[in-house]
Every structure is written in structure tokens, then in C-alpha cells.
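For reference, the structure is listed below as C-alpha cells.
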Amino acid sequence: MTATPDTITRTDTKNPLTSGPGHCAIVGLQWGDEGKGQIVDLLTSDYDVVTRFNGGNNAGHSVHIGDEKFALHLLPSGITYSDKTNVIGNGVVVDPSPDTGILKEIDRITERGVTIGNNLRISDRAHAVLPYHKVEDALYEAAASKAMGNDSDTIGTTGRGIGPCYADKAYRSTAIRMGDLVDADKLRAKLSKTVPIKNVTLAALAAHVGREFETLTVDGLFDQVSAWGKRLAPHVCDTRRLLFDAQAANKRILFEGANAALLDVDHGTYPFVTSSSTSALGIGTGTGLPPKQLGQIIGVCKSYTSRVGGGPHPTELLNETGEHIRSVGKEFGTTTGRPRRVGWLDLTAVRYTAQLNGCTALVTTGISVLSGIETLKVCVGYTYRGTRLDDFPADADILAEAEPIYQELEGFSETLGELRDYDALPAAAKRYVETIEQFVGVPVRIVCVGPKRSQTIMR
Ligand code: IMP
């Protein structure tokens with residue numbers, strides 16, 4: 001039996017940041033929407049395989065095809081390169097449908113001339129998000145709201161059925177994996193077991209919150225879902241083996257994190273999190289590849305904070321500065337269009353998530369958005385009931401009550417979007433970047449001064 005090869009020796013990269021040996025992970029260090037897609041886009045050409053390991057179509061990132069920008073939710077960012085293998089690992093939950101899921105993305109980008117064939121591989125172990133998961137997602141949110149008499153205790157999910165699908169994965173008897181979806185006999189058998197359970201539980205939940213529920217039938221679901229399975233079958237395979245073989249052949253892999261570390265089901269602001277392992281810690285379980293070959297772990301940190309959905313956000317700005325940042329930064333959700341809750345940069349949170357991920361480098365995004373704000377603030381700790389907290393608390397209730405302790409920094413008024421040299425940045429902007437790396441203890445290797453691939457400054 002072959003052991004995992006011990007070293008990836010290739011270092012033939014175009015980018016100094018990825019020049020070391022080994023694979024690379026790109027992960028978000030806040031509550032998502034840090035601009036990971038821009039960095040994946042920038043670095044993809046240095047890798048042979050691009051792999052998603054967590055989340056589903058709750059995430060969103062953009063790829064450019066010519067001058068056109070496409071919002072993708074499930075397809076890995078290397079999909080527009082014909083020579084890259086794009087893997088959706090077993091830790092991802094896949095909505096297969098052509099109205100909201102991966103078939104929709106495939107249809108949209110093939111219309112634009114992108115060929116999708118062997119370059120897309122979906123794990124047979126990945127779990128399928130089926131239409132009833134979305135119904136269940138909405139019913140749970142409504143039931144939580146009813147129980148508490150308000151919406152403030154709901155998670156504010158994206159409504160994509162992510163939590164219920166991961167819950168079925170843990171329940172096991174009601175789970176359907178992509179390998180089942182593409183095998184008609186197995187699919188029918190799995191649906192025959194699942195549908196009666198869903199009919200009982202969802203009808204009861206719907207009655208509880210006063211909503212209609214349309215009874216599911218095995219035949220109806222089978223006809224719909226097996227047609228999706230047929231289309232996706234050529235892409236479904238044992239991606240663990242594929243990744244292992246790619247590694248053995250000295251190929252380099254880029255792991256594309258979805259969502260972000262503060263939304264991690266174990267280490268985020270639980271219960272106001274998503275349902276997967278969103279940090280580099282999730283790569284092993286989400287792909288089946290042991291993490292010993294990871295050379296670079298790049299954490300993307302937006303120069304301020306944003307959050308969509310419920311949960312604590314100590315540095316949230318519910319004032320004109322917040323409105324200004326939201327409008328200049330175009331802070332509206334890619335997946336749901338919801339306005340994001342923006343706030344000052346929380347360095348205590350970012351230091352915590354950089355530690356969780358084992359970051360070797362940081363990328364800052366969004367600094368241009370802060371131009372014109374006279375005094376900038378970064379959170380360097382919290383006060384909770386009179387006691388100073390220097391670390392990010394595990395308990396979301398503590399975080400909700402905690403008062404941020406701010407360090408003030410001089411702002412800058414220059415426009416940064418055209419700058420390509422770190423030394424050309426205004427002194428105050430450089431001080432801001434250097435405050436981040438000093439506090440977090442990880443070097444900032446790229447400063448993004450705008451959302452385009454070219455708007456990046458390497459350090
Ligand atoms: P779910 O993943 O749809 O269950 O949503 C759980 C929480 O995570 C909600 O507050 C969502 O707004 C948030 N969330 C999930 N994915 C993302 C993301 O990619 N960016 C930002 N927030 C996200």
C-alpha cells in the first residue's frame with residue numbers, strides 16, 4: 001500500500017507568495033465576504049487542482065469571464081481554466097438542482113462558452129441538498145422565531161437548506177449522498193426511507209408555525225432528482241482518491257475555503273454559525289487528504305468587519321460611518337442580497353481565527369473603502385462586566401455583551417485603487433496594515449486596493 005507522499009517538491013509558481021513547496025489554503029478570517037475569491041483568482045494559475053472542502057451554495061464568489069463577472073456558489077474558482085481540475089470535496093453539501101444549485105451554475109457558464117467536462121469532479125461522499133431541506137431550513141427559522149416571540153434569536157440562515165442537509169448527514173438514516181443520487185436504484189431506496197420521515201416531521205413543524213406543507217411523494221421526488229443525477233453522473237467520483245493521486249504525481253492543490261472562521265460550527269460564534277468546518281482545520285475531513293502537505297495557509301482579512309444574519313458583532317456601526325462603509329464597500333450579500341452589518345475591524349477576532357487556521361500569511365482587502373474617514377478604530381480586546389478579555393470568547397452571549405476596547409489610528413483621504421507599490425500608500429494606510437500584522441502576529445503579504453485581480457500590492 002502506498003503511503004501519502006511526504007513532500008510536494010514543485011515550486012514552479014508565478015507568484016512569490018506561493019513559491020514554497022506544498023499545497024495552499026485560502027480562508028476567510030471573519031464572518032465571510034472578505035474577498036477570498038479575488039485571491040483565489042489571483043493564485044489559481046499556480047495550482048493544478050482547486051478544491052472546495054466545506055459549505056455549499058450559502059457561499060458566493062465571483063469569477064471573471066472576459067469582461068463579465070459571474071457569481072458562483074458551488075463551482076470552484078478554477079472552473080474557467082480548462083487545464084485545472086476542480087474538486088468539490090466530501091465536506092461540501094451540494095444542491096444539484098437547475099433552479100438554485102450546481103446545474104444552474106453549470107448551465108450559466110457553459111452558455112458563455114466555458115466547457116465543463118472532466119475538469120469538474122464532485123465527491124460521491126458529498127451530501128445532496130434536496131428541495132425539502134430548504135423547506136426545513138425556513139420552518140426551523142420560523143419555529144425559533146415563534147418560540148422566542150421575535151426574530152432576534154434566529155440564525156438568519158441563507159435559506160439554502162445547508163443546516164438541515166448537514167443535520168441529515170449526522171442523522172444518517174435520512175441522508176442522501178451524491179453517490180446515491182447518481183444510482184437510480186439506490187436513490188429510490190433512500191427516498192423511500194427518507195420521504196415518510198420528512199412528511200411527518202415537516203408537516204408537524206409547518207402546522208406549528210401555521211404554514212402550508214405540500215406532502216412529498218417518493219415518485220415525484222425520484223423523477224425530479226434522478227434527472228439531476230443523470231446529468232451530474234459524469235462528474236461524480238471518489239475525489240479522495242483523485243486528490244491522493246494528484247498529490248502523488250507532485251501536483252499542487254489550492255483549497256478554497258467557503259464562508260469563514262467565525263462561522264465555523266465548532267469554533268465560531270455558535271449557534272450563530274453555519275454547519276460546517278470553515279477553517280483550514282476542515283480540509284482533512286472535508287477532502288480525505290491528510291493536512292501534512294499544506295505549505296501555505298493564507299488568511300483573508302477585510303480592513304473592517306461585516307456580518308450577514310444574526311449573532312453578536314461587537315464592533316458593529318449602527319451610525320453614519322456604518323452607512324458610509326456599507327455603501328462605499330457595496331456590502332450587500334452575494335447569495336441573498338441582504339445588507340451586511342458593518343463595523344470596525346476586530347483584531348481580537350482576527351488574531352483568534354489566524355491562530356485557528358495556522359495562517360502563514362495574511363491578505364488585507366477593502367482598505368480603500370476606509371479612505372476619507374478621519375479617525376479609524378480597531379478592536380484590541382473587550383470589556384465584559386468590568387473585566388478585560390484579551391481573547392475571543394467561546395460564548396456568544398458574552399460576546400454580545402462585551403464592549404470593544406479600541407485603538408484609534410489616523411485615517412487617510414487619498415484614493416488607493418490605482419496604487420501598485422506598497423511604498424506609494426499613504427503613511428496612515430501603511431500604519432493601518434502594519435498594526436494588523438503586528439497585532440495578529442502574521443505578515444500581511446498582499447494588500448488589495450480594489451476588487452480586481454490587478455488591484456493587488458505584493459509585499
Ligand atoms: P447557513 O449557512 O445558510 O445555515 O447560514 C448560517 C449563518 O451563516 C447565517 O448568519 C448566514 O448569513 C451566514 N453565512 C453562511 N454562509 C455565509 C457566507 O458565505 N458569507 C457570509 N455569511 C454567511
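Got at least one residue in segment 71-91 being of a type in the set (V, I, T), within 16 Å of the ligand (Cβ to nearest atom) and in contact (Cβ under 8 Å) with a residue 12 or more places away in the chain?
There is at least one residue in segment 71-91 that is of a type in the set (V, I, T), within 16 Å of the ligand (Cβ to nearest atom) and in contact (Cβ under 8 Å) with a residue 12 or more places away in the chain.
Looking at K430, K452 in this structure, which one is basic (K, R), out of contact with any strand residue (DSSP E or B) (no Cβ under 6 Å at 6 or more places or on another chain) and either open to solvent by less than 70 Å² (accessible area, probe 1.4 Å) or within 19 Å of L376 (Cβ to Cβ) (or both)?
Within the list K430, K452, the selection yields K430.
All but one of (1) open to solvent by 20 Å² or more (accessible area, probe 1.4 Å); (2) within 14 Å of the ligand (Cβ to nearest atom) hold for T360; which doesn't?
Here T360 clears every test but (2).
Would you mind finding the one in T305, T365 that is touching a His at 6+ places or on another chain (Cβ under 8 Å) and not charged (D, E, K, R)?
T305
Could you give every pair whose Cβ atoms fall below 6 Å, whose first residue belongs to segment 155-176 and is at negative phi, and whose second residue is open to solvent by 40 Å² or more (accessible area, probe 1.4 Å) and more than 9 Å from the ligand (Cβ to nearest atom), counting only separations of at least 6 or pairs across chains?
What qualifies is T174/I197; A175/K169; I176/K190.
Give A170, A138, A147 a once-over and let me know the one that is of a type in the set (A, V, I, L, M), open to solvent by less than 60 Å² (accessible area, probe 1.4 Å) and either in a loop (DSSP other than H, G, I, E, B) or not assigned by TED's automatic domain parsing to the domain that holds Y270 (or both).
One residue alone meets the criteria, A138.
State the number of residues belonging to segment 68-104 that are at pLDDT 95 or above, among the small types (G, A, S) and either in contact with a strand residue (DSSP E or B) (Cβ under 6 Å, 6 or more places away or on another chain) or surrounded by fewer than 23 Cβ atoms within 10 Å (Cβ to Cβ) (or both).
Adding up the residues that qualify gives 2.
Within segment 173-189, restricting attention to residues that are open to solvent by 60 Å² or more (accessible area, probe 1.4 Å) and touching a helix residue (DSSP H, G or I) at 6+ places or on another chain (Cβ under 6 Å), which residue is nearest to the ligand (Cβ to nearest atom)?
Across segment 173-189, the extreme among qualifying residues is K186.
Please enumerate the residues belonging to segment 255-269 that are within 9 Å of the ligand (Cβ to nearest atom) and either in contact with a His (Cβ under 8 Å, 6 or more places away or on another chain) or part of a loop (DSSP other than H, G, I, E, B) (or both).
A258, N259, A260, G268
Testing I26 on (1) at pLDDT below 90; (2) surrounded by 20 or more Cβ atoms within 10 Å (Cβ to Cβ); (3) of a type outside the set (K, R), one condition comes back false. Which one is that?
(1)
Could you figure out which of (1) assigned by TED's automatic domain parsing to the domain that holds P76; (2) more than 16 Å from the ligand (Cβ to nearest atom) isn't true of Y352?
(1)
So is E410 in the same structural domain as L317 (by TED's automatic domain parsing), over 24 Å from N357 (Cα atoms) and loosely packed, with under 14 Cβ neighbours inside 10 Å or not?
Spelling it out, E410 is indeed in the same structural domain as L317 (by TED's automatic domain parsing), over 24 Å from N357 (Cα atoms) and loosely packed, with under 14 Cβ neighbours inside 10 Å.
Looking at segment 393-405, I want the residues that are open to solvent by 70 Å² or more (accessible area, probe 1.4 Å) and have a partner that is of a type in the set (D, E, K, R) with Cβ atoms under 6 Å, at least 6 apart or on another chain. Which pairs are those?
If the second residue must be of a type in the set (D, E, K, R), no pairs are left.
Would you confirm, using the coordinates I've provided, whether T334 is of a type outside the set (G, A, S), open to solvent by less than 10 Å² (accessible area, probe 1.4 Å) and under 30 Å from D46 (Cα atoms)?
No, not satisfied.
With R445, R420 as the choices, which residue is assigned to a loop (DSSP other than H, G, I, E, B) and open to solvent by 40 Å² or more (accessible area, probe 1.4 Å)?
That would be R420, the only listed residue that is assigned to a loop (DSSP other than H, G, I, E, B) and open to solvent by 40 Å² or more (accessible area, probe 1.4 Å).
Within segment 71-111, which residues are more than 21 Å from C237 (Cα to Cα) and in contact with a helix residue (DSSP H, G or I) (Cβ under 6 Å, 6 or more places away or on another chain)?
Of everything in segment 71-111, just one residue is more than 21 Å from C237 (Cα to Cα) and in contact with a helix residue (DSSP H, G or I) (Cβ under 6 Å, 6 or more places away or on another chain), namely L72.
Applying the selection to segment 284-319, what residues are within 16 Å of the ligand (Cβ to nearest atom) and over 20 Å from D397 (Cβ atoms)?
The answer is G286, G299, V300, C301, K302, Y304, S306, V308.
Looking at T353, T321, which is the one that is part of a helix (DSSP H, G or I), more than 18 Å from V440 (Cα to Cα) and polar (S, T, N, Q)?
Step by step, each of T353, T321 is checked, and only T321 is part of a helix (DSSP H, G or I), more than 18 Å from V440 (Cα to Cα) and polar (S, T, N, Q).
The values are calculated or read from the model by the stated rules, or taken from the named source; none is laboratory data. Small disclaimer: the values here were computed from a predicted structure and weren't measured. Note: ideal-geometry Cβ built from the backbone for every residue, glycine included; neighbour counts use all protein chains shown. The area values use the complete protein model at the heavy-atom level, side chains included, leaving out ligands, DNA and RNA. Shrake-Rupley method; radii C 1.70, N 1.55, O 1.52, S 1.80 Å.
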